[in-house]
1. So for the range 120-141 (the condition being outside any helix (DSSP H, G or I), at pLDDT below 75 and out of contact with any Lys or Arg (no Cβ under 6 Å at 6 or more places or on another chain)), does at least one residue qualify?
2. For the range 378-387, does any single residue satisfy the condition of being exposed (fewer than 15 other Cβ atoms within 10 Å of the Cβ) and either modelled with pLDDT under 85 or more than 29 Å from Pro244 (Cβ to Cβ) (or both)?
3. Starting from the range 409-431, keep only residues that are over 15 Å from Val369 (Cα atoms), then list their pairs with residues that are among the charged types (D, E, K, R) and at pLDDT 55 or above whose Cβ atoms are within a distance under 8 Å, requiring at least 6 positions of separation or different chains.
4. Please pick out the residue among Leu265, Leu200, Leu236 that is modelled with pLDDT under 85, buried (at least 19 other Cβ atoms within 10 Å of the Cβ) and farther than 30 Å from Asp140 by Cβ.
5. Which count do you get for residues in the range 404-417 that are in contact with a Gly (Cβ under 9 Å, 6 or more places away or on another chain) and either buried (at least 17 other Cβ atoms within 10 Å of the Cβ) or outside the structural domain of Pro368 (by TED's automatic domain parsing) (or both)?
6. Please work out which one of (1) in contact with a His (Cβ under 9 Å, 6 or more places away or on another chain); (2) assigned to a helix (DSSP H, G or I); (3) at pLDDT 70 or above is the condition Pro212 fails and give its number.
7. Quick check: is even one residue across the range 366-380 in contact (Cβ under 8 Å) with a residue 40 or more places away in the chain, farther than 30 Å from Ile277 by Cβ and small (Gly, Ala, Ser)?
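The values are calculated or read from the model by the stated rules, or taken from the named source; none is laboratory data. These figures come from a predicted structure and were not determined experimentally. Cβ placement follows ideal geometry from the backbone for every residue including glycine, while neighbour counts extend to all protein chains displayed.
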Amino acid sequence: MGAPGGGTDDELTVLRARVAALEATAAQGAPKREHHRVRSFFAALLIVVGCVLVPLGLVAAWTADLLGDTDRYVQTVEPLASDADVQAAVANRVTGAVMEHIDLPSLLEGVAPDQRPLVEKALGKLGGSLESALASFVHDRAQDVVASPAFETIWTDANRAVHTSLDRALTGDQDGAVKIEMDAVTIDLAPVIERVKERLVDSGLTVAANIPEVHTDFTVLRSDDIGKAKTGFALLQTLGVWLPVIAVLCVAGGVLLAVRRRRALVAGALGFAVAAIVLGIALTVFRTVYLNALPSSVSPAAAGSVYDTLIRFLRTSVRVFAVIGVLVALVAWLSGPSRPAVLVRGLWHAGIGASRSTADRAGMRLGPVGPFVRRFHTWIVWILVVAAALAFVLWSYPTGWVVVGLALALLFALAVTDFLADPEEPAAREAPRDGAAPPPGTGGARTP
């Protein structure tokens, strides 16, 4: 009678033990899941912060580069000397300055004294038409000067001279040729006009030699609150290249902290690319807003050329970061377990294997190179990746095409490495087809 009851008690005891074990496992798993949630939250937070810092980092690096390096600034504005819109604006400005200091009586200095009254009377009858003809002549000569190679030297020297003052003006120092007045940052173009005046004299407009020193202000930056703009420039210049580094470190920290690191790397890299593209769109939108806010006296075409030239290296940085983000995301995705990624890797290895088989049939032998590359394959791959990264970091001012070129060079190097990393000697692969035992020392002697 006791046996059945004892059996039931034993079964209940076993069931209770199993239930207790399951409850203990669930209790242990709950803190683990909670830990994963906390890790995932902070990982996502770091990645988001890093992506938000990308546009600010790019602008900070551009600002520090433009204001802190005179040669870089001159290199940036140098193309403006050959820009047709800028040349037209400069010619108009020079013409206006010259015409303000040339009057018709000054043209009579070379006329004989007894003939001057008659000439003055005749000029008086011509009136405005003669004034217009003289302005047209001055403008043509000014246009010839600004379109000549000599103007490029004038433009470069003038910008090199004012760069230090521009730095002072935008970072708070009021000394120098650049000054802040009310709501605008202006540059005194007296040195430029003086050199242009000399070229006008050399071109035959000798009356320009009588023009006194002319001080003309050229507005570089106009803002309703120039104080905040000045503080922002100073802050961005201080942050410089550190802000992009902080952005990269935040994303890298988020990836390392994430539970699923490959997925986090893909998300972070795409976030980098999207943030850079957003900055590019913002620069385009701001261009329209900036040009629409200019006064009517400013040439929109010339102002647009100046804007595009000043930010062209910033646009290059935008493209570089966007390309890097897409490439890193693509590499991280291709290394994953998804079916398309596995298919792409299979096609890659199949192509390398087919090329190797063709080389074997053509009589190509690797000798000791194949075993060496096969043995240190992982190390060689990492060395190639690090070398490509160092080439990008040490490149003075990389462009998007430089990134693409380095990526293609790395891809080619990896293909050559895989080709050389022959899994077995050709004789070993041919032995099964010939029915003979594989020779000693080949892949056929390895255990499965």
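1. First, the residues of the range 120-141 that are outside any helix (DSSP H, G or I): 127.
From the residues that got through so far, the ones that are at pLDDT below 75 too are 127.
Next cut, out of contact with any Lys or Arg (no Cβ under 6 Å at 6 or more places or on another chain) only: 127.
Within the range 120-141, one or more residues are outside any helix (DSSP H, G or I), at pLDDT below 75 and out of contact with any Lys or Arg (no Cβ under 6 Å at 6 or more places or on another chain).
2. If we filter the range 378-387 for residues that are exposed (fewer than 15 other Cβ atoms within 10 Å of the Cβ), which is where we start, we get 378-379, 382-383, 385-387.
With the extra rule that they be either modelled with pLDDT under 85 or more than 29 Å from Pro244 (Cβ to Cβ) (or both), the set shrinks to 378-379.
Yes; the residues of the range 378-387 include at least one that is exposed (fewer than 15 other Cβ atoms within 10 Å of the Cβ) and either modelled with pLDDT under 85 or more than 29 Å from Pro244 (Cβ to Cβ) (or both).
3. Pairs that qualify, where the first residue is over 15 Å from Val369 (Cα atoms) and the partner is among the charged types (D, E, K, R) and at pLDDT 55 or above, are Arg429/Asp360.
4. On the way: Leu265 fails: modelled with pLDDT under 85; Leu200 fails: farther than 30 Å from Asp140 by Cβ.
From the options Leu265, Leu200, Leu236, the qualifying one is Leu236.
5. We begin by selecting, within the range 404-417, every residue in contact with a Gly (Cβ under 9 Å, 6 or more places away or on another chain); these are 415.
From what's left, either buried (at least 17 other Cβ atoms within 10 Å of the Cβ) or outside the structural domain of Pro368 (by TED's automatic domain parsing) (or both): none.
Counting residues in the range 404-417 that are in contact with a Gly (Cβ under 9 Å, 6 or more places away or on another chain) and either buried (at least 17 other Cβ atoms within 10 Å of the Cβ) or outside the structural domain of Pro368 (by TED's automatic domain parsing) (or both) gives 0.
6. If we test Pro212 against (1) in contact with a His (Cβ under 9 Å, 6 or more places away or on another chain); (2) assigned to a helix (DSSP H, G or I); (3) at pLDDT 70 or above, just (2) comes out false.
7. Within the range 366-380, one or more residues are in contact (Cβ under 8 Å) with a residue 40 or more places away in the chain, farther than 30 Å from Ile277 by Cβ and small (Gly, Ala, Ser).
Residues are listed down the side, and each one gets a yes or a no for (1) part of a helix (DSSP H, G or I); (2) at pLDDT below 90; (3) not hydroxyl-bearing (Ser, Thr, Tyr):
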residue	(1), (2), (3)
Val19	yes, yes, yes
Lys32	yes, yes, yes
Ser40	yes, yes, no
Leu46	yes, no, yes
